[in-house]
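This report concerns only the one structure given below.
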Amino acid sequence: MRIDRLGRDFKLGADAHRWADIIDQINSGEMPPKKEKKPTQDEIAAFVTSLDALLKEGRAARMAARPAVAHYRLSRAKSIKTRSMTCWACATIRPSRGS
């Protein structure tokens, strides 16, 4: 995976899952590749910490930009009707006990 080709707009979040995969690969020791010069533990920690902070900021910005979710409560009558319909559906699907 080439990180120089990934998007750096963390608020857009197009490549956020790939950046998260990169963090996992760095933490597991898979990155950088064996052919490349290995950075020090302090450099790795600083990079992972800053990248994780950017991902969290981007996620927070995307969540803040989402429209509010409306929650609706069922009235008592609709709740009872829904439960009775669900129980009826379950009873029709279950095989009879005698078979």
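The values are calculated or read from the model by the stated rules, or taken from the named source; none is laboratory data. Just so you know, these numbers come straight off a predicted model, no measurement behind them. Reconstructed Cβ throughout: ideal geometry from the backbone, glycine too, with neighbour counts over all protein chains shown.
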* In segment 25-78, the residues that are farther than 17 Å from Ile3 by Cα, part of a loop (DSSP other than H, G, I, E, B) and not hydroxyl-bearing (Ser, Thr, Tyr) -> Arg66, Pro67, Ala68, Val69, Ala70, His71, Arg73, Leu74
* Considering only segment 8-56, state which residues are under 25 Å from Arg66 (Cα atoms) and among the small types (Gly, Ala, Ser). => Gly13, Ala14, Ala16, Ala20, Ser50, Ala53
* Just name the residue that is modelled with the highest pLDDT out of those in segment 26-44 that are closer than 25 Å to Lys11 by Cα and surrounded by fewer than 13 Cβ atoms within 10 Å (Cβ to Cβ). => Glu43
* **Enumeration of residues in segment 1-20 that are under 19 Å from Ala60 (Cα atoms), of a type outside the set (A, V, I, L, M, F, W, C) and in a helix (DSSP H, G or I)** => His17, Arg18
